[in-house]
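Let me begin by presenting the structure, written as structure tokens, before commenting on it.
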Amino acid sequence: MAILVLGGAGYIGSHAVDQLLNKGFKTIAVDHLQTGHRKAVHEKAVFYHGDIRDKPFLRSVFAKENVTGVLHFAAQSLVGESMKDPLSYFNNNVYGTQITLEVMQEFGVKHIVFSSSAAVYGEPEKVPITEDMPEKPESAYGESKLMAEKMLKWCETACGIKYVSLRYFNVAGAKTDGSIGEDHHPETHLIPILLQTALGQREEVLIFGTDYDTKDGTCIRDYVHVSDLIDAHILALEYLQNGGDSGIFNLGSSSGFSVSEMAEAARQVTERDIKVRAAARRPGDPSTLIASSDKARNILGWNPKQTDISEIIASAWNWHRQHPNGYKDK
Ligand code: UDP
């Protein structure tokens, strides 16, 4: 019995591998290492280097390992990039999920926990966002996640694969001991960019849009700690193993912080100056995304622990200070 983590060398996938192993699951990681890092994968995991869209490769993994459940993180996840190159998003995120489901069906694997996104909602009519609100993605990335969710639904009906789709809000932070964390090339996410600026690796942070209809004109997001996020995946897997119905759950902290507030919080945590400069809006960015995570709390029993924004930034700061050059330092 093993859990297969697709995208296991990425930022979120590597935390999943680590936490699954700590919980005693036999853990298999698959990654094509185009954005992930081999050094991010826990040494006790079985690792296969390959692309989930390569069906013979993925079949060979399922043929070798007794996979009982899949956590699927293997995707491209940048809103801005998806607006410039939508087809690569549909190829990676939709076709990649299709191949995964085809192979799961062939090998009779019945449980998948899917990484979805708040980007499926687009600009919400009200916050906090509940799972029954309309899906109106404003980016190709959000659309690709919604298309994959629809594929999961039709597959459940036709072939009985049960799924939990977790719609992430803004995932942030790092493992408390600073041994694994976020390392993207190029980096586009707000918290790492703030911290790289605090480290003197960047001169300033551009604030994408200061004319949004929010309290200070900058975008509001809901930040959830990566370890809490993975706790929800493990609970979702256990929920499916215990006969739970397929479902969709938001994962967020239920509080929103503006980009300017995040910059100020990062200044306080790092005790360093972080220069910011107003810039144009980033295409595809909704103004405010805040989750209601009541459904995940009530049905999965999720209880996020690292909910304080300073604590989340401090855990990321611990990683960035120990690894100013990311995994090149490991
Ligand atoms: N953001 C920003 N400057 C940056 C990076 C991000 O102003 O250099 C803003 C971005 O427009 C969004 C928020 O910070 O409103 C979070 O962006 P991020 O890319 O971290 O996550 P996303 O919301 O795209 O998942």
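The values are calculated or read from the model by the stated rules, or taken from the named source; none is laboratory data. The model shown is predicted, which means the values in this text are computed figures rather than measured ones. Quick reminder, even Gly has a Cβ in these numbers, built from the backbone with ideal geometry, and neighbours come from all protein chains shown. SASA here: full protein model, heavy atoms, side chains in, ligands and nucleic acids out. Shrake-Rupley method; radii C 1.70, N 1.55, O 1.52, S 1.80 Å.
Of the residues that make up region 319-330, is at least one aromatic (F, W, Y) and over 28 Å from S82 (Cβ atoms)? Checked against the condition, which is being aromatic (F, W, Y) and over 28 Å from S82 (Cβ atoms), region 319-330 yields no hits at all.
Of the candidates I274, I220, the single residue that is touching a residue at least 40 places away in the same chain (Cβ under 8 Å) and over 25 Å from G178 (Cβ atoms) is I220.
For region 138-154, filtering for residues that are open to solvent by 30 Å² or more (accessible area, probe 1.4 Å) and either under 13 Å from the mean Cα position of the chain (by Cα) or at pLDDT 95 or above (or both) leaves 6. The set of residues in region 180-217 being under 19 Å from V269 (Cα atoms) and more than 12 Å from the ligand (Cβ to nearest atom) consists of G181, A198, L199, G200, Q201, E203.
Looking only at residues that are open to solvent by less than 60 Å² (accessible area, probe 1.4 Å) and either free of Cβ contacts under 8 Å to residues at least 60 places away in the same chain or in contact with a Phe, Trp or Tyr (Cβ under 9 Å, 6 or more places away or on another chain) (or both) in region 257-266, which one is nearest to the ligand (Cβ to nearest atom)?
Kept after step one, since they are open to solvent by less than 60 Å² (accessible area, probe 1.4 Å), are these residues of region 257-266: 257-260, 262-263, 265-266.
Adding the requirement that they be either free of Cβ contacts under 8 Å to residues at least 60 places away in the same chain or in contact with a Phe, Trp or Tyr (Cβ under 9 Å, 6 or more places away or on another chain) (or both) leaves 257-260, 262, 265-266.
Details: F257: 9, S258: 9, V259: 4, S260: 9, M262: 7, A265: 13, A266: 12 Å.
By that ranking, first place goes to V259.
Test S82 against the stated conditions and say whether it is within 16 Å of the ligand (Cβ to nearest atom) and in contact with a His (Cβ under 8 Å, 6 or more places away or on another chain). Taking the combined requirement at face value, the residue does not satisfy it. Checking region 284-291 against the condition returns a match, with at least one residue being within 13 Å of the ligand (Cβ to nearest atom), in contact with a strand residue (DSSP E or B) (Cβ under 7 Å, 6 or more places away or on another chain) and closer than 30 Å to K110 by Cα. On inspection, Y95 passes the criterion of being of a type in the set (F, W, Y), in contact (Cβ under 8 Å) with a residue 24 or more places away in the chain, open to solvent by 20 Å² or more (accessible area, probe 1.4 Å) and assigned to a helix (DSSP H, G or I). Close Cβ contacts (under 7 Å, 6 or more residues apart or on different chains) running from residues in region 193-206 that are surrounded by 17 or more Cβ atoms within 10 Å (Cβ to Cβ) to residues that are part of a strand (DSSP E or B) comprise I193/V205; L194/V205; T197/V205; V205/V276.
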